[in-house]
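Pasting a structure here, questions to come.
Computed from the coordinates by the stated procedures, all read-outs in this text should not be read as laboratory data. Just so you know, these numbers come straight off a predicted model, no measurement behind them. Backbone-built Cβ (ideal geometry, glycine too); neighbour counts: all protein chains shown.
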Amino acid sequence: MLFRSLVCAAALVGTAFSSPAPSKLQERNLLGQVIDALNLGLVSDNKVFLTLATLTNNLVSINFDVKNVLPFELTIDSISVSAGLNGTVFAAFNHTFSGGASLKPVVVPGFGGTKNSGNITNVLLTQGVDKSLAIVPFGVLDLINVDVNVRALTILGFGGTPLQITGLKQASVPTTYSLDLS
């Protein structure tokens, strides 16, 4: 009996000393892994806007709707996205929601609330416009990698607990494309 107790105690002590340090856990970003595992998906749809200039500069504007299934408000301060189809990245951008009136953080109400991101310009078509046009008929984009800085438990976008969520993925997000020839 004493031997079993000593073995159990040794196992517990060994586990405590061999557990990953908090910094290692942060690097793995368990929050992003949990969100992906639960298939929560933060984006409900994408809208992509092409212009005549897109044909020469490979830049589009986009906006997206964010959904929040959590029981508390989330405020998005910045986002970095690689999106595409079947594992190939066709668009990428980094955006910070701060500063002027058009760049306010995105405040998403809890309990299933949604909020539009507002227009984000200078989104790069990484494969060029000619190859990117080939994915338009599919009507979906995969979010291949999303890193987002949010504040949880905000009140009307103020305060909250800052969280960095990395490595989010979401497949087959409905996407509409608009062409402005003016």
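Using 0.36 nm times the number of residues separating Gln33 and Asn94, minus their current alpha carbon distance, what extension gain do you get?
Computed gain between Gln33 and Asn94 is 19.9 nm.
Which shape class applies to region 37-80: rounded if a/c is under 1.5, otherwise prolate when a/b exceeds b/c and oblate if not, where a ≥ b ≥ c are the square roots of the Cα gyration tensor eigenvalues? Intermediate values should be presented prior to the final figure.
Working: a/c = 3.30, a/b = 2.68, b/c = 1.23.
In terms of gyration-tensor shape, prolate.
Another question, then. When we measure straight from the Cα of Lys67, which lysines land under 22 angstrom away, once same-chain ones fewer than 8 places off are left out?
Those lysines meeting the cut-off are Lys47, Lys104, Lys115, Lys169.
Also, I was wondering about something else. Mind giving me the nanometre distance, one decimal, between the label points for Leu124 and Lys169, set 7 Å out from Cα along Cα→Cβ?
Output for this residue pair reads 2.3 nm.
Mind checking the full-extension length gain between Thr161 and Ser78? Use 0.36 nm per residue of separation minus the Cα-Cα distance, one decimal, nm.
Extra length available between Thr161 and Ser78 comes to 28.4 nm.
State, to one decimal in nm, how far the label point of Ser178 lies from the label point of Val136, with both points 7 Å from Cα in the Cβ direction.
1.5
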